[in-house]
């Protein structure tokens, strides 16, 4: 195998690994996004914190719901970052594959 064939083989396998990595990062982002930010709080992907709101209405002066929503806001940054990174990786792999197909069809 010469250098050009070896590089072509890496390109063929590389886009598959990028898709796998992209979907893995996307799934990790969804898993992180479904984790509750506190005992009475929701999660970045399911932000309803009804328990904290009920606790606030029963106990005057408690700010449990406000704290929950602040925690959800801060936890949403890495969640959406991971989801966006996963989507970008998958799209980049598709673009690499399309470019390599066009390149190989032009040489024939």
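The numbers here are math on the coordinates, done by the rules we state, and not lab data. These numbers were taken from a predicted model, which means no experiment stands behind them. Using ideal geometry, Cβ is built from the backbone for each residue, glycine included, and neighbour counts are taken over all protein chains shown.
Kindly express, to the nearest 10 degrees and within the range 0 to 90, the angle between helix 64-107's C-alpha long axis and the longest C-alpha principal axis of the chain.
10
What is the percent of Cα-Cα separations in the stretch 50-108 that go past 19 Å?
So the portion of pairs separated by more than 19 Å is 60 percent.
Which order, highest average first, do 72-85, 92-105, 40-53 follow once you tally other Cβ atoms within 10 Å for each residue and take the mean per peptide?
Going by the mean number of other Cβ atoms within 10 Å, highest first, we get 40-53, 72-85, 92-105.
Would you mind giving the three semi-axes, in whole Å and largest first, of the ellipsoid equivalent to the chain according to its Cα gyration tensor?
Those come to 49, 10, 8 Å.
Just the projected area, averaged over all directions, of the convex hull on the alpha carbon atoms of the stretch 27-76: how many nm²?
The number I arrive at for the stretch 27-76 is 3.0 nm².
At 7 Å along Cα-to-Cβ for each site, give me the label-to-label distance between residue 31 and residue 74 in nm.
2.4
On a full-extension model of 0.36 nm per residue, what is the gain between residue 91 and residue 66, subtracting their alpha-carbon distance, rounded to one decimal in nm?
In short, 5.3 nm is gained.
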